[in-house]
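Just so it is clear, none of the values below were taken in a lab; they were calculated from the coordinates. Keep in mind that this is a model prediction, so the values were computed, not measured. Cβ sites come from the backbone with ideal geometry, for glycine too, and all protein chains shown count toward neighbours.
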Amino acid sequence: MDAGLAEVRALEAEIAALRRACEEPPAPAEDAAGGQKSFQEVYQSDSGGWESSEDLRSHLGHLESELLFLSALTGINIRNYSKKTEDLTSTEMTEKSIKKVLQRHRLSGNCHTITFQLEFQILEIQNKESLSSVITDLNIIMEPTEYSELSEFVSRAEEKRDLFMFFRSLHFFVEWCEYRKRTFQHFKEKYPEAVHLTEGASSSCMGVRSTSQPGFELVIVWRIQIGEEGKVLPKLDLLTQVPLGALELDKNRVTETAPLSFRTLLGVLGIEATLESLIKLLSTEAND
Amino acid sequence: MELANTLSTHGESKGGVLAHLERLEIHMNRSRKKLEEPQGAQAVGSALGTKIQKLRRLRDKLRAEVKQRQAGVKASTANVEPDQTLDMSEQEVLERKRENLKAILQAYRFTGLSGKLTSRGVCVCINTAFEGNLLDSYFVDLVIQKPLRIHHHSIPIFIPLEEISAKYLQTNIQHFLFSLCEYLNAYSGRKYQADRLQSDFAAFLAGPLQRNALCNLLSFTYKVEPGGQSFPFCARLLYKDLTLTLPTDVTVTYQGMEALSTSWEEQRASHANLFRTKPLHQVFTSFARKGETLDMSLVS
């Protein structure tokens, strides 16, 4: 009955959201966090009185540096955040001392160049013994990026309602992308003649052309995959471009077996050394 | 950063009634889409079916009501426009900013990683979850000096903290923290599945569920029909990769006499496949669903 139960849950969540939309005063719409509290409330909850602007400023400074620190520590910048809560506790539940609260969160920010906007709901149910918190709905909106790999991953994270996996995999993904870019750039600088980055350093392809034998080209395709459980793994492939005439002379079928040998090499040498040895192979010919 | 521009187009801060309503509408449309897809295909149990019908009717009523309100608000927005920030004193602006910053700092817990500055460094909190269920949190108290040092922590002893910190703590703190997240979330996820099996599907188990501390080796004997006379199956699940919540090695054996009969062999193989691809408690939910005739009190 999973599908049925899921529908009931979804319906209940939507009804709660609609109810709230009806009850809400129409004027000041959703604002940044805390914006809806009356100022009086804020003072009461915080300091119990008026503070001097100076104190406030220094406190703000502290908070700002703490925020900078956190975003450096995690690599994730949160720019906007707001939260609304709704008490779903019925009188029947109160009698049994059960508390049921639905929180609706909106959060936006970025991880390196990738921006995201999240909307999620957390249903909290507290009874005498335990507190359970469940993410009942997760929506992820991302600006279109050059990374097409991300969209499939995003729908999987939404489906599993796995907020933490989203951030974790996003971090590892971005880390790999940066590494790939640095590596490609490094080789381009070191071997400017042989290495070609026709689609830019952030793309997944690097071309290596023989400097002495025109027509011979290797293309390294370096994809970054996000697996079923959010694991981020690089996948490298080698494509060869060899003139037809040369292919006929290739009695040992070197060209045909090259992609496989490339895999083996990766396992032994690692990514950087493998790429370096390939580039050297094509560029040293020029010195002979 | 160059991102400031792209972000402001989201209009979070610009707010406004219209923008808000628009967002609400998008949200509603999205949930509606989600709701309508699975319709029809499933024949829903009668009690549940009635409930769904009732809820749908209520929802439609509310939707209409919200729409009506929207129309009303749209008509009156012209009068509400004047900028409210003009009336705010500087003090109020600062207060607002402070509350906003505080909220954002708290929101970091939703990334799975949050932290509080201490006198010596930072105390990092790592949150775990499995399929939407928010589970335990752990902390690592870091002393910021060269070299970085872990002062205290609540990471379970069987998580390879030393190995991870030796690899990444000094060179890449982000990688260190997210790797730790990966291990802890996977552990929480495996533990959650085993706990659910024990608590919700005890009737299927013929004997206790055995597990190690890491919850990466589980073994149990189970029957597909609780209380039935059939012989039980034995399952052994091994999670070789400690960052995963699905087993890497699955062995299911049948303990019955007619072990060679093809129908049992088919069942055995299909179970093994389920264990490999689905969380444990979901596999047992599907067993329970198959045995529709069985006493429902055993399952709930």
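What pairs in A:Lys231/B:Lys290; A:Lys235/B:Lys278; B:Lys191/B:Lys223; A:Lys235/A:Lys280; A:Lys84/B:Lys54 have C-alpha atoms more than 29 Å from each other?
Details: A:Lys231/B:Lys290 32 Å; A:Lys235/B:Lys278 25 Å; B:Lys191/B:Lys223 22 Å; A:Lys235/A:Lys280 22 Å; A:Lys84/B:Lys54 26 Å.
Among A:Lys231/B:Lys290; A:Lys235/B:Lys278; B:Lys191/B:Lys223; A:Lys235/A:Lys280; A:Lys84/B:Lys54, the Cα-Cα distance tops 29 Å for A:Lys231/B:Lys290.
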Cα-based reach from A:Lys128 at 20 Å (exclusive), listing lysines while leaving out same-chain residues under 8 positions away: A:Lys96, A:Lys99, A:Lys100
Estimated FRET transfer efficiency when R0 is 41 angstrom, pair B:Asp136-A:Lys280 (beta carbons, to 0.05): 0.20
Nearest 10 degrees, 0 to 90: helix A:53-74 Cα axis against chain A principal axis: 40
Straight-distance crosslink candidates among lysines, where the alpha carbon sits under 16 Å from B:Lys97 and sequence neighbours closer than 8 are dropped: A:Lys37, A:Lys83, B:Lys14
Alpha-carbon centroid distance for the pair the range A:109-160 / the range A:213-257, whole angstrom: 36
Highest-first arrangement of B:147-157, B:108-118, where packing means the average Cβ count within 10 Å: B:108-118, B:147-157
Per DSSP, loop chymotrypsin sites (Phe, Trp or Tyr not before Pro) in the range B:117-214 with at most 15 further Cβ within 10 Å: B:Phe158
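So if R0 is 22 Å, what FRET efficiency would A:Gln213 and A:Asp237 give, r being the distance between their Cβ atoms, rounded to the nearest 0.05? The partial results should precede the final answer.
Details: r = 22 Å, r/R0 = 1.01.
After rounding to 0.05, the efficiency reads 0.50.
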Rounded tilt (10° steps) of A:2-23 against the dominant C-alpha axis of chain A: 60
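Give me the dipole magnitude in Debye, nearest 20, for the range A:176-265 about the Cα centre, with unit charges on the beta carbon: positive for Lys and Arg, negative for Asp and Glu. Could the numbers behind the result be given before it?
Working: 12 positive and 11 negative charges, 47 e Å.
That gives the range A:176-265 a dipole magnitude of about 220 debye.
Can you pull out the trypsin sites (Lys or Arg not before Pro) in the range B:185-278 whose DSSP state is coil and whose Cβ has at most 14 other Cβ atoms within 10 Å? Write down the numbers at each step before the final one.
On the way: sites: B:Arg190, B:Lys191, B:Arg196, B:Arg211, B:Lys223, B:Arg236, B:Lys240, B:Arg268, B:Arg276; in loops: B:Lys223, B:Lys240.
When the trypsin sites (Lys or Arg not before Pro) of the range B:185-278 are filtered for loop state and at most 14 Cβ neighbours within 10 Å, B:Lys240 remain.
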Selected from A:Glu119, A:Glu175, A:Glu86 as most flexible by GNM, with chain A as the system and alpha-carbon contacts under 10 Å: A:Glu86
Per-residue average of Cβ from other chains inside 10 Å of A:165-172: 6
Rotationally averaged projected area of the range B:151-262 (alpha carbon convex hull; nm²): 8.8
Virtual spin-label span in nm between A:Glu193 and A:Glu129, 7 Å along Cα→Cβ: 7.6
B:Ala166 versus A:Ser261: modelled label distance in nm, points set 7 Å from Cα along the beta carbon direction: 3.7
Partners for B:Lys167 among lysines (Cα-Cα distance below 17 Å; same-chain residues under 8 apart left out): B:Lys146
Neighbour cut-off at most 16 other Cβ (10 Å), DSSP loop, GluC sites (Glu not before Pro), the range A:196-288: A:Glu199, A:Glu228
Karplus-derived 3J(HN,Hα), 6.51/-1.76/1.60, for each residue of the range B:166-183, Hz, glycine and proline x: 4, 6, 10, 4, 7, 9, 8, 5, 4, 5, 4, 5, 5, 5, 4, 4, 4, 4
Calculated from backbone phi, Karplus (6.51, -1.76, 1.60) coupling profile of the range A:228-243 in Hz, x at Gly/Pro: 3, 8, x, 6, 9, 9, x, 9, 10, 10, 10, 10, 10, 10, 10, x
Gaussian network model of chain A, Cα within-10 Å springs - most flexible of A:Pro259, A:Pro214, A:Pro192: A:Pro214
